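Below: one structure, written as structure tokens.
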Amino acid sequence: MRILLIDEDPERAALLDETLRAQGYELVARLPPDELSAKRVNEIGPDIILVDMGSPSRDTIESMRQINEEQPRPVVMFVDQSDDSMVAEAVQAGVSAYIIDGLNVKRVKPILDVAIARFREFQALRDELKKTKATLAERKLIERAKGLLMRERGLNESEAYAALRRLAMDRQQRLADVAEALLAFADVLKNK
């Protein structure tokens, strides 16, 4: 695992670096919190981001949000002090694990393991949701195209679906793509 370490304290970062290496992790970069950005994460390409700081700042949380939107990856935050609103913001920003009371070197590996597992599970759910939304959008297009054929050509629902399906097979296109093209063409004709 390639780790990007974000730490405001060089001495603490050095100790954590040593611990991570001893546990088989590769520390690919160490940055202060003010240098954290989606661009820097993209350049470095870590598998996981580990943040160790006294108290998280809104800027750090916002950077985590941007990173999660552009290139999601597990993020573990160790903080010395926090409040409920900051915890909620961190979780909404995509932080996989938010550990209060600072970093305990003995707990690093199990926390990283759990954070990675939770991140993967969350990503699977996110991917499934995205796929479901796309399927629903395609079904809506197909239903609208069927409705158009039923209205304009006097077909019943099964005949309209068969016509769409036949057109898709003839053109070797997906049914949703044919439905979208048909609706776009109907819009052009309607606007003339």
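The values are calculated or read from the model by the stated rules, or taken from the named source; none is laboratory data. Since the model is a prediction, treat every value here as computed from it, not as a measurement. With ideal geometry, Cβ positions are generated from the backbone for all residues, glycine too; neighbour counts draw on all protein chains shown. Surface areas here come from the heavy atoms of the whole protein model, side chains and all, with no ligands, DNA or RNA. Shrake-Rupley method; radii C 1.70, N 1.55, O 1.52, S 1.80 Å.
What the table below lists for this structure:
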item: Options ALA93, ALA97; residue that is of a type in the set (A, V, I, L, M), open to solvent by less than 50 Å² (accessible area, probe 1.4 Å), within 24 Å of the chain's Cα centre (by Cα) and more than 17 Å from LEU5 (Cα to Cα); result: ALA93
item: So LEU20, is it part of a helix (DSSP H, G or I), in contact (Cβ under 8 Å) with a residue 60 or more places away in the chain and surrounded by fewer than 17 Cβ atoms within 10 Å (Cβ to Cβ); result: no
item: Filtered residues of the range 81-101 (kept if in contact with a helix residue (DSSP H, G or I) (Cβ under 9 Å, 6 or more places away or on another chain), assigned to a loop (DSSP other than H, G, I, E, B) and of a type outside the set (A, V, I, L, M, F, W, C)); result: SER82, GLY94, SER96
item: Any chance LEU155 is modelled with pLDDT of 90 or more, open to solvent by 40 Å² or more (accessible area, probe 1.4 Å) and within 30 Å of PHE78 (Cα to Cα); result: no
item: Top-ranked residue in the range 39-60 [being part of a helix (DSSP H, G or I) and modelled with pLDDT under 90; ranked as least open to solvent (accessible area, probe 1.4 Å)]; result: THR60
